[in-house]
Amino acid sequence: MSETQSSPPPEKKSNKRILPSVVGDLIALLFKILSISIVAGGICLLAELALYFFFRDSAPIETSLSRYTSVSDFGSTGSWFPETSIMNTIEQKTLNVLNVEHVMFKLHEWTEYALNVLPNHNSDSYWVDLAYRIMHSTVIAIPDLITLWTIVTFTWIAKMLTILAMLLPCALIIIGGFVDGTVQRKIDTFRGARDSQDTIEWWFLAFKSSSFTVLFFYIAIPNGLKATFLMLPSALMTAYFARNVVAHYKKYF
């Protein structure tokens, strides 16, 4: 008499396991966005420093300040997010806590003292003379470098606030792409279109790459672009990629 082996019933996925997974994925995504923004901010600071030394005779501090003024003009981002009041509060708190005027006065005093300490140096060696000139120029530029670092930091904060302010309209556009992709998926399922794993992987990779690339270059490149000129086209592109991801995702189970 043969024994019949019965297969165990399939395990049902618990909703309690899905929720922590979704929360963990969101936290990982936020940390990734924050890390990309911090790295891009560091690259922007290096770029601003390079522009300062290459165009030192063309008022680079004023140029950087004009970029910050343009970025911190939140008139085109809507009124649902209080980015203007947040930015003003950050500026006032920072200036009050650090006492910037007193710090800059002390920096100028220390710069003058350092210049008096440095002796006049004339050497027959080219490299020694070059090192001395670099040291002398760096000491003179210390107040400007501190000012530039402050402006770049405020510009980074303003860009992050701009991104937060544009989340709602961009999210609505991307949701529209998801909805359109869902409709297209239903149509393809009804027509009997085949699944294509390669296609969905390509669209999903394009979806992730486009979002992170736009975020990186917007923060890393010194610019005074308005949020609407960058975030809305990026949202349209992301919505297009999201639409294709949903449209090609597993039509049959």
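The values are calculated or read from the model by the stated rules, or taken from the named source; none is laboratory data. Everything numeric in this text was worked out from a predicted model, so none of it was measured. Positions of Cβ are backbone-derived with ideal geometry, glycine not excepted, and every protein chain shown enters the neighbour counts. Keep in mind that these areas ignore ligands, DNA and RNA; they rest on the heavy atoms of the full protein, side chains included. Shrake-Rupley method; radii C 1.70, N 1.55, O 1.52, S 1.80 Å.
If you take the residues in the range 3-26 that are aliphatic (A, V, I, L, M) and open to solvent by 80 Å² or more (accessible area, probe 1.4 Å), which one is modelled with the highest pLDDT? Please lay out each step first, then the result.
Going residue by residue through the range 3-26, those that are aliphatic (A, V, I, L, M) are 18-19, 22-23, 26.
The next check asks that each one be open to solvent by 80 Å² or more (accessible area, probe 1.4 Å); those that pass are 18-19, 26.
Details: Ile18: 49, Leu19: 48, Leu26: 70.
Per the criteria, the residue is Leu26.
Here are the criteria: (1) among the polar types (S, T, N, Q); (2) at pLDDT 85 or above; (3) loosely packed, with under 11 Cβ neighbours inside 10 Å. Tell me which single one Ser70 does not satisfy.
(3) is the only condition that Ser70 fails.
Here are the criteria: (1) open to solvent by less than 60 Å² (accessible area, probe 1.4 Å); (2) modelled with pLDDT of 70 or more. Tell me which single one Ala114 does not satisfy.
(2)
Residues that are charged (D, E, K, R), open to solvent by less than 50 Å² (accessible area, probe 1.4 Å) and modelled with pLDDT of 75 or more: which helices (runs of 4 or more DSSP H) entirely in the range 149-253 hold 2 or more of them?
Values: elements: 167-191, 197-220, 227-247.
Ranges flagged: 167-191.
Residues of the range 27-50 being within 19 Å of Ser137 (Cα to Cα) and open to solvent by 60 Å² or more (accessible area, probe 1.4 Å), which ones?
Listed by number, the list holds a single entry, Leu46.
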